[in-house]
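This report concerns only the one structure given below.
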Amino acid sequence: MGKIKMKILVVALAATMMTFISTSTLAYYSTVGKATNVVTSGNIQFKIHEMTDQGKEFPKEGVYIVPGDVVSKKVSIESDCDHPFYLRVKMVYGIDAQELTAEDCFKLHIDEKHWKLRDGWYYYTDIVDPGETTPDVFSHVEIVGSEVDNSYIGKTLTLTVKAQAVQSENNPITDGNTYTASGWPKEADK
């Protein structure tokens, strides 16, 4: 009986060894494979609206002004995409293609409740959701009479509104400050 037990033990050990060898061989061949992942990103789109107090579009050709005038110009931004985003705007002032500072000619009536100034940009204090239109950045432009003198006669003053947006999805901000979001474009050197 001792030989039978020994033969059974040898057969059992041989079967166990074959299982380990087969398992490692199967495991080796089963780890070979290829995966293809496709990631599609969305885009952010918006429209800048320039309106008057009467609800009409601000004239593309501009308006005639004299020093001291207060011009009705309401600027808001409308989301035109399926993704929420953070938004900032900047006003660029000029005269006959020469850039000015705001104090040279213009005084804007900014909505400081919804727009915060930082580094020359006005940041919207909330997320712009799909289809939403922001409150007006400003509602009126005052032509600073003490600065706009006779040397401006026949010249063209310009006020250009630039806007930039970055995604808000998976883009946390610090202390509720939208300017801390990642991805704001850097400005090109002048």
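The values are calculated or read from the model by the stated rules, or taken from the named source; none is laboratory data. Just so you know, these numbers come straight off a predicted model, no measurement behind them. A quick note on method: Cβ atoms are made from the backbone with ideal geometry, for glycine too, and the neighbour counts reach across all protein chains shown.
Report the residue count in region 152-171 for those that are part of a loop (DSSP other than H, G, I, E, B) and crowded, with 18+ Cβ neighbours inside 10 Å.
1
Out of all the residues in region 52-70, which are closer than 25 Å to residue 149 by Cβ and of a type in the set (Val, Ile, Thr)?
63, 65, 66, 70
Considering only residues that are under 18 Å from residue 77 (Cβ atoms), among the hydrophobic types (A, V, I, L, M, F, W, C) and in a loop (DSSP other than H, G, I, E, B), which ones fall in region 113-151?
127, 137
Criterion first (assigned by TED's automatic domain parsing to the domain that holds residue 70 and modelled with pLDDT under 95) does residue 189 satisfy it?
no
What strands (runs of 3 or more DSSP E), lying completely within region 1-86, carry at least 3 residues that are closer than 30 Å to residue 168 by Cα and either in contact with a strand residue (DSSP E or B) (Cβ under 8 Å, 6 or more places away or on another chain) or at pLDDT 90 or above (or both)?
In region 1-86, the matching strands (runs of 3 or more DSSP E) lie at 46-51, 74-79.
Suppose the filter is surrounded by 12 or more Cβ atoms within 10 Å (Cβ to Cβ), closer than 20 Å to residue 62 by Cα and either at pLDDT below 90 or not small (Gly, Ala, Ser) (or both); does residue 104 pass it?
Against the criterion (surrounded by 12 or more Cβ atoms within 10 Å (Cβ to Cβ), closer than 20 Å to residue 62 by Cα and either at pLDDT below 90 or not small (Gly, Ala, Ser) (or both)), residue 104 qualifies.
Would you confirm whether or not region 172-180 contains a residue that is buried (at least 17 other Cβ atoms within 10 Å of the Cβ), assigned to a loop (DSSP other than H, G, I, E, B) and in the same structural domain as residue 95 (by TED's automatic domain parsing)?
Scanning region 172-180, I find no residue that is buried (at least 17 other Cβ atoms within 10 Å of the Cβ), assigned to a loop (DSSP other than H, G, I, E, B) and in the same structural domain as residue 95 (by TED's automatic domain parsing), so the answer is no.
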